[in-house]
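Notes for the one structure printed next.
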């Protein structure tokens, strides 16, 4: 028998049970991602698409929306995985602007409804993702929004490729300003994931305020860009990636900008809490999760 002094309080049991459920959601999401990647080995090689990456993606999505079922989180998980594949191909595999432009063109064609080519593995995965999203009635009505955010994502990644190419050939003077860098935060592929999630699971109240939710998501995306950069600076130096800290005189400027963005997000979420309390929590939890996660880990499992 457990001594009375050692018995957990009811609040502690409730918190632990909820955290356990979130971990269970993440495990189920990880299994789905692993199966999805295994079906597309040309797009998701074992390095860097290892089990740690799948686990990290599914953890982030599960912690963002713990009230959802594993099935409801499937579209968001797969959208994140598609974003990682696009990022890997542009950031670390493309050797020329023509290769980058080819990836962008093929993704935009699939987003417009054209079939992917037989050798277009990224486009094929995107087409399958869009078929999954189309199960939700809202996707047809809001497909222009999806297409717009997909355009923003692929073009932002292409823009960062340009910046990196110029930086490597011309030195620090070719780096963008911090403001320009944050204006390009769609390369972090956060808002497109949120749009996929809302179109796949959103109720009438969520869809009615979708424009406002997307506007907040764009600010959250900027904040997460900086959270990521503060946590991955050393890895970015090794990989030759851009990082906000490279663009300023000292790290403190990035930390101050992040704090201001978090305050902005908080203020923008207040009027949404009456009609969309869960979606407001969803956006706030994204910042909270990433702020804790990047203190100890990174999404990419590779060092």
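Values quoted throughout were computed directly from the atomic coordinates according to the rules given, and no laboratory measurement underlies them. Keep in mind the model is a prediction, meaning the values are calculated, not measured. Note that we place each Cβ from the backbone using ideal geometry, even for glycine, and neighbour counts take in every protein chain shown.
Comparing 290, 36, 58 in a Gaussian network model of the chain where C-alpha atoms under 10 Å apart are linked, the largest mean-square fluctuation is found at 36. If the chain linking residue 285 and residue 204 were pulled fully straight, counting 0.36 nm for each residue of separation and taking away their Cα-Cα distance, it would gain 27.0 nm. For the range 145-229, a Kirkwood hydrodynamic radius built from all Cα pairs, placed in the Stokes-Einstein relation at 10 °C and 1.306 mPa s, yields a translational diffusion coefficient of 114 µm²/s. With a Förster radius of 25 Å applied to the C-beta separation of residue 22 and residue 180, the computed FRET efficiency comes to 0.10. Computed from label points 7 Å out along Cα-Cβ, the spacing between residue 101 and residue 266 is 4.7 nm. Distance between the modelled labels on residue 212 and residue 35, one decimal in nanometres: 3.8 nm (7 Å Cα→Cβ projection). Summarising the label geometry, the points placed 7 Å from Cα in the beta-carbon direction at residue 134 and residue 72 lie 2.5 nm from one another. Between 98, 11, 148, the residue with the greatest mean-square fluctuation in the GNM of the chain (Cα pairs under 10 Å linked by springs) is 11.
Dividing the Cα radius of gyration of the range 143-182 by its Kirkwood radius returns 1.14 for Rg/Rh. Computed from the C-beta positions of residue 119 and residue 51 and an R0 of 22 Å, the FRET efficiency is 0.20 to the nearest 0.05.
When Rg and the Kirkwood radius Rh are both evaluated on Cα atoms of the range 97-252, their ratio Rg/Rh stands at 1.01.
Using r as the Cβ-Cβ distance of residue 251 and residue 14, and R0 as 30 Å, what FRET efficiency do you calculate, to the nearest 0.05? Show your work: numbers first, answer last.
Working: r = 39 Å, r/R0 = 1.29.
Efficiency, from the Cβ-Cβ distance: 0.20.
Global dimensions of the range 181-240 from alpha-carbon coordinates: Rg and Dmax equal 14.1, 46 Å.
In the elastic network of the chain, a GNM with C-alpha springs shorter than 10 Å, the most mobile of 200, 181, 142 is 142. Taking a virtual spin label 7 Å from the Cα of residue 295 along the C-beta vector, which residues in the range 233-262 bring their backbone nitrogen under 18 Å of it? Correct set: 233, 255-256, 258-259, 262. Grab every C-alpha pair in the range 15-293, bin the distances at 5 angstrom width from 0 up to the longest one, and report whole percents. Histogramming the range 15-293 at 5 Å steps yields 1, 6, 12, 17, 19, 18, 14, 9, 3, 1, 0 percent.
With Rh defined as the Kirkwood radius, the inverse of the mean 1/r over Cα pairs, the Rg/Rh of the range 235-296 is 1.09.
If packing is taken as the mean number of other Cβ atoms within 10 Å per residue, what is the order of 66-76, 257-267, highest first?
Details: 66-76: 18.1, 257-267: 16.1.
For the peptides 66-76, 257-267, the packing ranking is 66-76, 257-267.
The slack between residue 108 and residue 238, meaning 0.36 nm per residue of separation minus the straight C-alpha distance, is 43.7 nm.
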